[in-house]
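Notes follow once the structure below has been shown.
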Amino acid sequence: MVGESLRAEDIKQGEYIWSRRDFFSLSGWLGILAVSGIWGASLIRFMFPRVLFEPSPVFKAGYSNDYSVGEVSEKFKATQRVWIVRDEDGLYALSAICTHLGCTPRWLTAENKFKCPCHGSGFTKEGINFEGPAPRPLERLKITLAEDGQLLIDKGKKYLYEKGEWGKPGSILKA
Ligand code: FES
């Protein structure tokens, strides 16, 4: 009774804010709310895993008659790091990644070779390493025809000279 009259008196005087029970009750609910919030946020985050969406390794490279015999086309070097080469046997796609440490070589028309600016490796037009520290030839990439007749290059499928894969279907397109 004495406590109640004190409380009523406090309220009347505007000095009473919360009882200890109210305070702990509110704290409890806030705690539950915080834990639920964290748990909910974790659940939502779990539904969106950290996945890196990389661009497709496949691209179209125009029509075979866009390329003339003897030509090393640099049309896709900047965007795809690929050269398209046409010789008497057909078309092949060379990866423009040096097999030494991964720099991008240059095609030197006058010298009829690829030359890496980093440590001086040289490759023939076919991609064979013949000077500098590169330990193996450039890699060829899968080249086929798309349904619409365009060249289809798949950078995900590689053909290695040292494994005898340059003669395999897909390593060269007879055209
Ligand atoms: S990265 Fe090409 S020669 Fe070293």
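Here, each number is a calculation from the coordinates, and none is a lab measurement. Note that this is a predicted model, so its numbers are computed, not measured. Here Cβ is always computed from backbone atoms with ideal geometry, including for glycine, and neighbour counts include all displayed protein chains.
Give a residue-ordered list of calculated ³J(HN,Hα) values for the range 32-41 (Karplus: 6.51 cos²θ - 1.76 cosθ + 1.60, θ = phi - 60°; whole Hz; x for Gly, Pro).
Values per residue, Gly and Pro as x: 4, 4, 5, 4, 4, x, 5, 5, x, 5 Hz.
Going by average Cβ neighbours within 10 Å, how do the peptides 129-138, 164-173, 32-41 rank, with the highest at the top?
Listed from highest to lowest mean packing, they are 129-138, 164-173, 32-41.
Which residues does the label zone of Q150 cover in the range 31-71, counting backbone N under 16 Å from a point 7 Å along Cα→Cβ?
Only 56-67 fall inside the zone, counting backbone N under 16 Å.
If you place +1 on the Cβ of every Lys and Arg, -1 on the Cβ of every Asp and Glu, and leave all else neutral, what size is the dipole of the chain about its Cα centre, to the nearest 20 Debye?
Charge dipole, the chain, about its Cα centre: 320 debye, nearest 20.
How large is ³J(HN,Hα), in whole Hz, for each residue of the range 116-130 in order, when computed from phi with the Karplus curve 6.51 cos²θ - 1.76 cosθ + 1.60 and θ = phi - 60°, using x for Gly and Pro?
With the stated coefficients, the range 116-130 comes to 8, x, 6, 9, x, 5, x, 9, 6, 4, 7, x, 7, 6, 9 Hz.
How far is helix 2-13 tilted off the main Cα axis of the chain, in degrees rounded to 10, range 0 to 90?
Between the helix axis and the principal axis of the chain, the angle is about 70 degrees.
Based on Cα positions only, what radius of gyration and what Dmax would you give for the range 38-175, in angstroms?
In order Rg, Dmax, the Cα atoms of the range 38-175 give 18.4, 66 Å.
Taking 0.36 nm per residue of separation and subtracting the Cα-Cα distance, what length does fully extending R45 through I128 add?
Between R45 and I128, full extension yields an extra 25.0 nm.
Can you compute the modelled spin-label distance between D66 and K163, with each label point 7 Å from Cα toward Cβ, in nm?
Output for this residue pair reads 2.9 nm.
Loop only by DSSP, 12 or fewer other Cβ within 10 Å of the Cβ. Give me the trypsin sites (Lys or Arg not before Pro) in the range 68-175 that pass, ordered by residue number.
Passing both the DSSP loop test and the Cβ count: K174.
For the chain, what is the relative contact order in percent, using Cα pairs closer than 8 Å and at least 6 residues apart in sequence?
Contact order relative to length: 17 percent.
Choose one of A78, P169, L151: the residue whose Cα lies farthest towards the positive end of the charge dipole of the chain (beta-carbon charges +1 Lys, Arg; -1 Asp, Glu; about the Cα centre).
P169
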